[in-house]
Amino acid sequence: MSTALFTHNDCLQHRTPPGHPEQVARLEYIATALSAPGFDALDRREAPLCSDEDILLAHPQRHLDTILASEPKEGSRALDEDTHMSPGSVQAARRAVGGTIAAVDAVLAGDVTNAFVACRPPGHHAETETPMGFCLFGNAAIAARHAIERHGLSRVVIVDFDVHHGNGTQALLWDDSRTTFFSSHQHPLWPGTGFPEETGAYNNIHNIQFAPETDGRTMRTTYEAEVFPVIDRVQPELIILSAGFDAHADDPLAQLNWAVDDFIWLTGKFCALAEKHCDRRLVSTLEGGYNLTALADSVAAHVTVLLDQGA
């Protein structure tokens, strides 16, 4: 068994305006970090294009139509002050969805133990009919629905440790009792959602707020008390991680003080839970992280743990 890496050069064609934090260089830095000799064992695969039917697992046709009609033929188009499209954005977004779905397929088939999806644009802010926060489609939520609707799973856990609340994933999974969604995030911070009382239609949503300057020690204590025991009770058949690395102390968009070692600890804990409950089946998909060096270092550490656990 091994760890799969899903990515595609099409994801470099989604271009944002100069100075935008969600930039092409994010994937370039990650690719360089994962080309080091220690990553020779990665099972490297191209992220496939998703179909319309894949996107419709979580979004209505109206949303898909809006995104398809919004891609410019040249230049850049702003969907809001944060979210932009360029020629190639739809193709990139289809790779991000398709890569996450393919990762679920590979893990559930037993081809690999776990997988990391290095694609962009990210997905966890895309609401049911609203692209926002750099995101067009809900990559993780679509993958969870794929596991449920097409593989017959009934207990999928999604954990979002990005520094921003995963409002899109929450919205897409609010009414789905077969999913359990956790989002840990800084508060106050954009998008201003993610309060503990937001619990979903079936108490399947769990929001954990961290005050600015929260360090990794507090994060670890909180996860031990509020996240891991719930996962043990759910006994998931698959764990999906929305892996944002912008809680790193050097990230320019937030003020949490996590370090690379904290991402190593978190990854190890989730791998242990996957081993305990679902035959080590875990998929991780890239969300945020905007200091390029911190992002590359954090992803490399994250994937190193996946490789160690996937061997």
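All of the numbers you see were taken from the coordinates with simple rules; none came from a lab. Everything numeric here is computed off the predicted structure, so don't read it as measured data. Cβ sites come from the backbone with ideal geometry, for glycine too, and all protein chains shown count toward neighbours.
Results, tabulated for the structure shown:
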item	result
Top of 217, 120, 281 by mean-square fluctuation, Gaussian network on the chain, Cα under 10 Å	217
Kyte-Doolittle mean at least -0.5, axial Cα span of 27 Å or more - DSSP H helices of the chain	89-109
Student exercise, the chain dipole from Lys, Arg, Asp, Glu Cβ charges, in Debye to nearest 20	500
Sorted by Cβ density within 10 Å, fewest first, the residues 73, 269	73, 269
Protection proxy ranking, peptides 254-262, 39-47, average beta carbon neighbours within 10 Å, highest first	254-262, 39-47
Charge dipole of the chain about the Cα centre (unit charges at C-beta), most positive-ward option of 283, 63, 212	283
Helical mean residue ellipticity (222 nm; -39500 (n - 2.57) per DSSP H run of 4+; nearest 500) of the chain	-12000 deg cm²/dmol
Share, in percent, of DSSP beta bridges within the chain that are antiparallel, nearest 5	10
The chain: most fluctuating residue of 214, 66, 193 per GNM, C-alpha cutoff 10 Å	66
For segment 3-310: rounded, prolate or oblate by the Cα gyration tensor [a/c cutoff 1.5]	rounded
Cβ crowding within 10 Å averaged over residues, with 142-148, 223-229 ranked highest first	142-148, 223-229
Summed side-chain charge close to residue 268 - residues other than residue 268 whose Cβ falls under 12 Å, Lys, Arg +1, Asp, Glu -1	-2
The chain, relative contact order [Cα under 8 Å, separation at least 6], %	20
Gyration tensor verdict on segment 1-157 (Cα atoms; rounded if a/c is under 1.5, prolate if a/b is larger than b/c, oblate otherwise)	oblate
